[in-house]
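The values are calculated or read from the model by the stated rules, or taken from the named source; none is laboratory data. Since the model is a prediction, treat every value here as computed from it, not as a measurement. Note that each Cβ is placed from the backbone with ideal geometry, even for glycine, and that neighbours are counted across all protein chains shown.
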Amino acid sequence: WIYNVSQSDEKLGWLYPSSARYKELYDMTLHNLKPDTIMDDELLAPQDFLDLQVLWYLYQFSPDYVLGAYNSSHRDEGLIALFMQDGDYSLADLSYVLDAQHDHMGNVLPMYSELAASGQVELTTTPYYHPIMPLLMMDGWTMEDGIRVNKEAWPEDVQNHLVTGMDLFEQELGFRPTGMWPSEEAVSPAMVEPVTDVGIQWMVTDEEILKQSTDANGNLVDVEDAANLATPWTVTGAEGGEIAVIFRDRVISDRIAFQYGTMTPEAAVSDFIAYLDNVRQQLLDAGEDPSDHLLTVALDGENWMFMSEFQHQDNARPFMAEWYSRLADHPTIVTTTPSEFLTKGTDLPEIETIGTGSWIDGTLRTWAGEEEESLAWQRLVEARQALVEFEATNPNDPGLSAAWESLYIAEGSDWYWWYGLDQDSGYDENWDVLFKVHLSNIYRAINLDLPPYLQDLWTNPAVADPAASAIIEPMIDGIALPGEWDGAARYDAPVSGGNFDIESFHFGYDASNVFIRVDAATLDELDEAAGVGSYDSPDLAIYFMQPNAVNFNEAQTNFRTYYGNQILGFPSKHMVAFDFDNIREDGRAKWDLFSAQGKVGDQEQWTLTGSSNLGGCAVDEVYEFSVPWADIGLAPRYSTRVKVVTSWRDSESYGDGMDAEMAPPAPAEMVLPDLEEWVTLLELDDAVGDETGDGDYVYPLASDFNTPDGGGLWDATHLTVRQSAWNAQFILTMSEMTDIWGLANGFSHQIVQIYVDQGETSYGRTAMLTGANAEVHPDWAWEVAISGTGEPGAVQAVQAETGSASARGIDVTGDVDAKTITFTVSKDVIGSDVPNYRYIIVIGSQDGFGTGKWRDVMEDAATWTLGGGANPAPDDGIDYDPNIIDVILEGDGQTAMLSGYDVAGHTYAQLTGFEMPEVPQQIFGASVDTVTSSSAVLTWSTTVSEATSIRVAPAGQTPGAEDPMLSTPAGTDHAVTLTGLEVGTSYWAYISANETEDVVVWFNTSSVVDETPPDLLNLAAEVLEDGRVTVSWYTSESATESVLINGESVHEDPFATKKNHAFTTEVLGDGTYNLEVISADASGNLNSSTLSFTVDAGATVDDTPGTVDDGGTDESSSSEVSDTTLQVVALIVLALVLLAFLRVRGHEPDEDDPWN
């Protein structure tokens, strides 16, 4: 309101000159305050900046106050003159305003002391650093996140907060209070005794707590009975102590907080009085004496006066004036203080066990139960434990007092309020830093080492030389073959590791694995070193960071190495350890996978969660590992940090060893490439112009919601759903988008929620997330709910089975130019069977201060609320009208669904959504795998098993009927080898399939003729126990495969797409065999290698290829393939992981359907 005073306003018009100047300055700075334009504008001129300073502080005064409306002695002519001045302020004016503030603030406490002495008000206290006392009094907990917070009850800490608060109160006001507003009105049976021990006789909490409480007969209290809610109760604590408790009437308190700001003062006060008159009548009807009852209105002033619609109504001053004047004259409503009422001696009902919770939902979930919150509590517990242990042996240390003071500060509620996803300040990182400062001060005060997560260790990563540059395909055999690790990142290890030294390590990847090579002491060298020191057994472990971590705030991660307890420098989630106890003669082995559980007691915990197959790692000249992305939580575009650690140990117990070397000194960092290939599952047009909710919703009145066409901010017009092997993606196209508030995700106005029905389960939910004010139909009960806005802190997924909420695995972005909002959700979050799920997608107006980030829809539109809905029910104060403005649907059933609520009947609207159709034919993953001077290998996939075709023409030309069209057989994976191409020429390849658009692939043949055959290395034949034989070899470039046993072909792959080659034969009879493998590169240059092997498995096989008696030799030869030809063959490989999920809901299996 301060920017918009009207000159003709009868009451406030005198403020117009300063208000107009303030609005002018506001408009000048508005553009410069947006993140995407910050500092683009010129800085304010000195006079403009001085005017802004004066007005900023001046408007912190109530105009009525400086006019002397409350007390004539407060009238300040100097401030009045400044209010009536149109800018051009001086430094003297600024000093005058600041001095006046100091003078008037100095009058506040004496004024309240006088009012308390006269009985006009009763003043209460709260625990000094505002802790959540029930949590401090709890003996540990495990909540929705499943993370255990191991702690004891801390009654002595609660007592300190209480005594300090009481002492400060007495110091400032001259007496000790008898009433208390517990921090966040949070209470429990355990906190009663310490509260009463400091002399508190009554306290206030919420109606929801009374609902959870049991009366003297052990029955839950019925809060719908006015006689129960409108009365104090006597409560006895779990360990003693008796106190009177008054319970906040949530309905009428919330009307003041959320509704009355949109009403005229007269109408709001009339509604308030009518509510109280109705309660009085209920008491009379029940035979009660209303004078024996107390109705409690309780709410935080900073919320309802300055953050509701009252902020536009002179911060509720007109309402309060009307309110107080009419209450003073009301014949049956008596305003009183709690202590005054309690001195009447009315018999109070007794509560056997008071509920545990706060004014927020009647629970403690705002301060505990999310990963970040649990992590903060664990760190507080660890700091307190260190302090207690130190004090036990150093009782006179001069730093103890400061350490305990820092601990009490860290116990305050606000740190835990801002942690997690349920609350978002917009700058949570600042709260995090301050919390860690106080934790650090505990350790520093008594000269203890800081834990790793409090040290400033988040450094820049090590620099690879060279950096990763390409996908690699190493053979995991412990031998570093020439060119095998080209394309991987390489890191030096300059620190000496003694007898288990690391020289360097390489880190690379392909489409599904990460590969690690460690150049370190060999097995022979380790055998010689064993027993030289204090430990006998070697250990080699690779530590991986929690994917995408950007700081140390990662729950259930570890920060130190397992044996030597050295600091890693990142929150490690996974450890891959080489299994030295089970190494085959050929060097192949398994690795063990451990997952971090965080610190429990005095040590970090690791849990064995898996092992690789034999051959997942190997050792010979070097150590080589192949680790699937999924095993360590990685996906395309994810980042991780890595350290390799060599150690010596006596046993496998934590800490029972010493680290030889950790490399590199700074962590290596790898950002995985974007290798995703997307398959479109759904294209759905949503009705245009239906952003009307139940049919008549209208926009808020603030200009922030204006658009060029007068709407469209919440009108989705199209939805695309697609998936890759790792993620599901939902792309919403909106009629209109802006980012007027400069939110980090690129859009401002929308909140989008996706409810996923995975099918019949025992844990599906129908209640939508808080703030939506609707339900899903029971037949559509959801297992996963995903919510996102332009604020990163408001992005989350809720799992119905556990109730846990997390932002991990969800990326939400907006594109104002394209008018799209994109949700990319990991299948670890949403589930793997994306095409067979059902979805309800809803859109509303994002409100950073709203319940669940939803903007309210009321009966009448106001500055920041939509209109066209219904006000809360008058009897229970609950909003039953949906805050949902648009629903993605096939057809026009939205209005009927969203209007299905009933305020009087206390029922919400029930929603359904859409099912996924059969997956259409699409071509995806088209790529040029190999290209030479005269040939190229192209591969692609299709979603439907059908034949495809390809035509090739010089780039820039569209193939015509005269160009040969070549077909691939029916299948989902396709490949061709093109030969006879011109040297140094660009080509376009057109790939076609039925009922889908062509895909065009460009490639350019080399200008250098390749006449060098591929090196054929490490040919091996492993005889398995059942008589089958696994043949493997490596080629220095992508090459074809041909395997001959005793001259008879047993395997062919004519496409030059692999460097690593492996093939397992059918069962062979006992005997000796000659093996020859032949590989040719894409240019047709051929190489071969031979060896002989013996089968002695006792197997009986028909038609065994003839055996030979002599040993044979290992020979190689090379030649060129003769005439250039065009080869087309279906590539027969295992289906991509992606395709395993392309099934169709609601259809009988089809024998020809590749997805069945």
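The rows are residues; the columns are (1) in a loop (DSSP other than H, G, I, E, B); (2) closer than 13 Å to residue 999 by Cβ; (3) not polar (S, T, N, Q).
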| position | (1), (2), (3) |
| --- | --- |
| 938 | no, yes, yes |
| 946 | no, no, yes |
| 949 | no, yes, no |
| 953 | no, no, yes |
| 971 | no, no, yes |
| 977 | no, no, no |
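Identify, from the list 401, 374, the residue that is hydroxyl-bearing (Ser, Thr, Tyr), crowded, with 16+ Cβ neighbours inside 10 Å and part of a helix (DSSP H, G or I).
374
Scan region 842-862 and give yes if some residue there is more than 27 Å from residue 426 (Cα to Cα), buried (at least 18 other Cβ atoms within 10 Å of the Cβ) and within 19 Å of the chain's Cα centre (by Cα), otherwise no.
no
Determine whether region 591-598 contains at least one residue that is over 26 Å from residue 827 (Cα atoms), surrounded by 21 or more Cβ atoms within 10 Å (Cβ to Cβ) and modelled with pLDDT of 95 or more. It would help to see each step written out before you state the result.
Initial filter on region 591-598 (over 26 Å from residue 827 (Cα atoms)): none.
No, region 591-598 contains no residue that is over 26 Å from residue 827 (Cα atoms), surrounded by 21 or more Cβ atoms within 10 Å (Cβ to Cβ) and modelled with pLDDT of 95 or more.
Filtering region 429-453 down to residues that are buried (at least 20 other Cβ atoms within 10 Å of the Cβ) and of a type in the set (A, V, I, L, M, F, W, C), which residue is nearest to residue 558 (Cα to Cα)?
So, considering only residues that are buried (at least 20 other Cβ atoms within 10 Å of the Cβ) and of a type in the set (A, V, I, L, M, F, W, C), the one nearest to residue 558 (Cα to Cα) is 439.
Pairs please, first residue from region 396-420 and on the phi > 0 side of the Ramachandran plot, second anywhere and surrounded by fewer than 23 Cβ atoms within 10 Å (Cβ to Cβ), Cβ atoms under 7 Å, 6+ apart in sequence or on different chains.
Taking only residues 6 or more apart or on different chains, the pairs are 420/372.
Return the only residue of 480, 462, 468 being of a type in the set (A, V, I, L, M), in contact with a Pro (Cβ under 6 Å, 6 or more places away or on another chain) and crowded, with 16+ Cβ neighbours inside 10 Å.
Sole residue among the options that is of a type in the set (A, V, I, L, M), in contact with a Pro (Cβ under 6 Å, 6 or more places away or on another chain) and crowded, with 16+ Cβ neighbours inside 10 Å: 462.
With a cut-off of at least 1 residues that are in contact with a Gly (Cβ under 6 Å, 6 or more places away or on another chain), name the helices (runs of 4 or more DSSP H) lying wholly within region 229-314.
Fully inside region 229-314 and qualifying: 250-258.
Within region 129-151, is even one residue of a type in the set (S, T, N, Q), under 41 Å from the mean Cα position of the chain (by Cα) and crowded, with 21+ Cβ neighbours inside 10 Å?
no
Among the residues of region 617-633 satisfying the criterion of being outside any strand (DSSP E or B) and of a type in the set (A, V, I, L, M, F, W, C), which is nearest to residue 645 (Cα to Cα)? Write out each step before concluding.
Filtering region 617-633 down to residues outside any strand (DSSP E or B) leaves 620-622, 629-633.
Cutting the leftovers down to of a type in the set (A, V, I, L, M, F, W, C) gives us 622, 629-630, 632.
On the way: 622: 15, 629: 20, 630: 22, 632: 17 Å.
Residue satisfying both the conditions and the ranking: 622.
Only one of 486, 456 is within 29 Å of the chain's Cα centre (by Cα) and surrounded by fewer than 21 Cβ atoms within 10 Å (Cβ to Cβ); which? Please lay out each step first, then the result.
Details: 486 fails: within 29 Å of the chain's Cα centre (by Cα).
Testing whether each residue is within 29 Å of the chain's Cα centre (by Cα) and surrounded by fewer than 21 Cβ atoms within 10 Å (Cβ to Cβ) leaves just 456.
For residue 516, all conditions in the list (1) farther than 17 Å from residue 672 by Cβ; (2) part of a strand (DSSP E or B) hold save one; what is the number of the exception?
Of (1) farther than 17 Å from residue 672 by Cβ; (2) part of a strand (DSSP E or B), only one is false for residue 516: (1).
Among (1) under 30 Å from residue 685 (Cα atoms); (2) in contact (Cβ under 8 Å) with a residue 12 or more places away in the chain, where does residue 938 come up short?
(1)
Return the residues of region 577-599 that are under 22 Å from residue 632 (Cα atoms) and touching a residue at least 60 places away in the same chain (Cβ under 8 Å); say none if nothing qualifies.
588, 598, 599
Where residues in region 742-763 are among the β-branched types (Val, Ile, Thr) and touching a residue at least 60 places away in the same chain (Cβ under 8 Å), which of them is surrounded by the most Cβ atoms within 10 Å (Cβ to Cβ)?
Checking each candidate, the answer is 751.
Do we have residue 113 as hydroxyl-bearing (Ser, Thr, Tyr), loosely packed, with under 14 Cβ neighbours inside 10 Å and in a helix (DSSP H, G or I) here?
Against the criterion (hydroxyl-bearing (Ser, Thr, Tyr), loosely packed, with under 14 Cβ neighbours inside 10 Å and in a helix (DSSP H, G or I)), residue 113 does not qualify.
Within region 316-367, which residues are farther than 30 Å from residue 188 by Cβ and either crowded, with 20+ Cβ neighbours inside 10 Å or not assigned by TED's automatic domain parsing to the domain that holds residue 184 (or both)?
Result: 316, 319.
In region 1011-1020, is there at least one residue being among the β-branched types (Val, Ile, Thr), surrounded by fewer than 20 Cβ atoms within 10 Å (Cβ to Cβ) and at pLDDT below 95?
Filtering region 1011-1020 down to residues among the β-branched types (Val, Ile, Thr) leaves 1012.
The next check asks that each one be surrounded by fewer than 20 Cβ atoms within 10 Å (Cβ to Cβ); those that pass are 1012.
Within this subset, residues satisfying the condition of being at pLDDT below 95 are 1012.
There is at least one residue in region 1011-1020 that is among the β-branched types (Val, Ile, Thr), surrounded by fewer than 20 Cβ atoms within 10 Å (Cβ to Cβ) and at pLDDT below 95.
Being within 22 Å of residue 619 (Cα to Cα) and over 28 Å from the mean Cα position of the chain (by Cα) is the filter here; which residues of region 533-561 pass it?
If the condition is that a residue be within 22 Å of residue 619 (Cα to Cα) and over 28 Å from the mean Cα position of the chain (by Cα), then 535, 536, 537, 538, 539, 540, 541 are the ones that fit.
What about residue 1075, is it within 48 Å of the chain's Cα centre (by Cα), closer than 28 Å to residue 510 by Cβ, of a type outside the set (Phe, Trp, Tyr) and not in a loop (DSSP other than H, G, I, E, B)?
no
Determine which single condition residue 564 fails, assuming it passes every other condition in (1) closer than 30 Å to residue 1018 by Cβ; (2) touching a residue at least 60 places away in the same chain (Cβ under 8 Å); (3) not in a strand (DSSP E or B).
(1)
Restricting to region 863-917, what's the tally of residues that are under 29 Å from the mean Cα position of the chain (by Cα), β-branched (Val, Ile, Thr) and closer than 22 Å to residue 735 by Cα?
Result for region 863-917: 5.
Going by the structure shown, is residue 684 farther than 20 Å from residue 560 by Cα, of a type in the set (A, V, I, L, M, F, W, C), assigned by TED's automatic domain parsing to the domain that holds residue 824 and not in a loop (DSSP other than H, G, I, E, B)?
Criteria met by residue 684.
Filter region 664-688 for residues that are within 30 Å of residue 460 (Cβ to Cβ) and of a type in the set (A, V, I, L, M) and give the result.
Within region 664-688, 666, 668, 670, 671, 672, 675 meet the criteria.
From 985, 972, 977, which residue is in contact (Cβ under 8 Å) with a residue 24 or more places away in the chain, among the polar types (S, T, N, Q) and touching a helix residue (DSSP H, G or I) at 6+ places or on another chain (Cβ under 8 Å)?
972
All but one of (1) closer than 30 Å to residue 201 by Cβ; (2) touching a Ser or Thr at 6+ places or on another chain (Cβ under 8 Å) hold for residue 136; which doesn't?
All conditions pass for residue 136, except number (2).
Please find, within region 512-564, the residue that is surrounded by the most Cβ atoms within 10 Å (Cβ to Cβ) out of those that are in contact with a Gly (Cβ under 6 Å, 6 or more places away or on another chain) and modelled with pLDDT of 90 or more.
563
So which residues in region 606-616 are without any contact (Cβ under 8 Å) to a residue 24 or more places away in the chain and assigned to a strand (DSSP E or B), if there are any at all? Write out each step before concluding.
Kept after step one, since they are without any contact (Cβ under 8 Å) to a residue 24 or more places away in the chain, are these residues of region 606-616: 607-610, 612-613.
Residues satisfying the conditions are 607, 608, 609, 610.
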